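These notes concern the structure reproduced below.
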Amino acid sequence: MEAESALPKWASEPCIMGIDEAGRGPVLGPMVYGCLYCAVSFQNTLASLSFADSKTLKEEKREELFESLKVNESIGWSVDVIDPRELSAKMLKKTKINLNEISHESAMGLVTRVLDMGVLLTQVYVDTVGDADKYCTKLSERFPSIKFVVAKKADSLYPVVSGASIVAKVTRDRALRNWTFDESAENMHRNFGSGYPGDPETKAWLEHHKHSIFGFPTLVRFSWGTCTTYFKSGTDVVWEADSDLDEDGSVNKNGKRQLKLSSLGFTGGKKNSEEIESSGKGRCKFFQTRKLEQLTQF
């Protein structure tokens with residue numbers, strides 16, 4: 001039973017939930033948080049359904065188990081799919097949000113979603129991210145009426161977390177398999193391997209799909225340290241400033257600045273300064289030949 005389905009009768013009984021993620025480490029694709037929940041009285045039956053840590057199962061078995069839990073009316077599930085662009089944007093904000101914080105918020109979002117449906121959650125088991133005790137305290141403070149168990153390898157210890165692991169892993173695998181590229185560059189292909197930074201096939205895909213100006217396709221988490229090595233020879237870009245003000249609030253004498261891709265999160269360029277004054281000579285010829293200027297008011 002997916003979270004958006006009608007609420008079953010057993011949801012008004014005390015229920016347990018398991019939470020796990022898939023795709024935390026890869027440089028490609030979304031990170032997916034999944035949850036599985038059921039009545040406490042269903043625990044013994046749940047343990048007999050052959051759920052296991054998704055990483056120990058072959059893809060065919062994961063798919064089979066996922067399809068079986070989807071039609072099981074005694075089980076509920078839900079997912080939170082976090083787009084690679086969202087991950088990178090949060091990690092590159094002025095006030096950065098690290099991956100642990102993103103993970104915690106996703107897990108708590110799933111708990112909130114299921115509670116809002118009317119499910120009587122009394123126990124939640126979570127595969128830890130960071131310090132287990134601190135994470136447990138954080139969850140308990142947010143949801144004081146629920147007993148939390150946060151543990152390493154929870155997906156191997158608790159069947160309800162094993163089920164959540166399968167939900168998350170299959171959802172991520174399908175998202176990658178069916179990924180629609182926003183880009184239309186020639187010679188793009190889908191042979192990107194596992195998506196993990198150490199995978200030779202993933203490395204080859206990143207090398208083939210990098211662009212010295214536009215970076216990577218949106219499938220890539222460009223905030224990952226793995227990506228910076230591909231842009232050591234990145235192209236400097238000169239453009240009109242959106243404002244006449246410098247970062248410190250001062251006005252440039254020419255009202256123009258030269259910005260590099262590193263200002264947007266990319267590494268590259270041979271100059272030491274992140275922003276240097278520009279004479280405007282680097283403006284695109286399209287604007288120069290048409291004598292187009294930036295206007296602040298009409």
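The values are calculated or read from the model by the stated rules, or taken from the named source; none is laboratory data. Everything numeric here is computed off the predicted structure, so don't read it as measured data. A quick note on method: Cβ atoms are made from the backbone with ideal geometry, for glycine too, and the neighbour counts reach across all protein chains shown. The accessibility values were calculated without ligands, DNA or RNA, using every heavy atom of the protein model including side chains. Shrake-Rupley method; radii C 1.70, N 1.55, O 1.52, S 1.80 Å.
Below are the figures for this structure:
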| read-out | value |
| --- | --- |
| Separation of alpha-carbon centers, region 157-224 and region 6-45, rounded to whole Å | 24 |
| List 141, 13, 21, ordered by accessible area with a 1.4 Å probe, largest first | 141, 13, 21 |
| Sparse-neighbourhood loop sites, trypsin sites (Lys or Arg not before Pro) in region 84-144 - DSSP loop, at most 16 other Cβ within 10 angstrom | 93, 94, 96 |
| Largest to smallest accessible area among 122, 202, 229 [probe 1.4 Å] | 229, 122, 202 |
| Accessible surface of residue 35 - all protein chains present, 1.4 Å probe, nearest 10 Å² | 0 |
| Where labels lie 7 Å past Cα in the beta-carbon direction, separation of residue 140 and residue 293 in nm | 6.6 |
| Rounded if a/c under 1.5, otherwise prolate or oblate - region 94-186, Cα gyration tensor axes | prolate |
| Local electrostatic count at residue 125 - Lys and Arg +1, Asp and Glu -1, tallied over other residues with Cβ under 14 Å | -2 |
| Whole-percent carbon and sulfur share, accessible surface of region 125-166, 1.4 Å | 51 |
| Residue order for 95, 228 - accessible surface, 1.4 angstrom probe, largest first | 95, 228 |
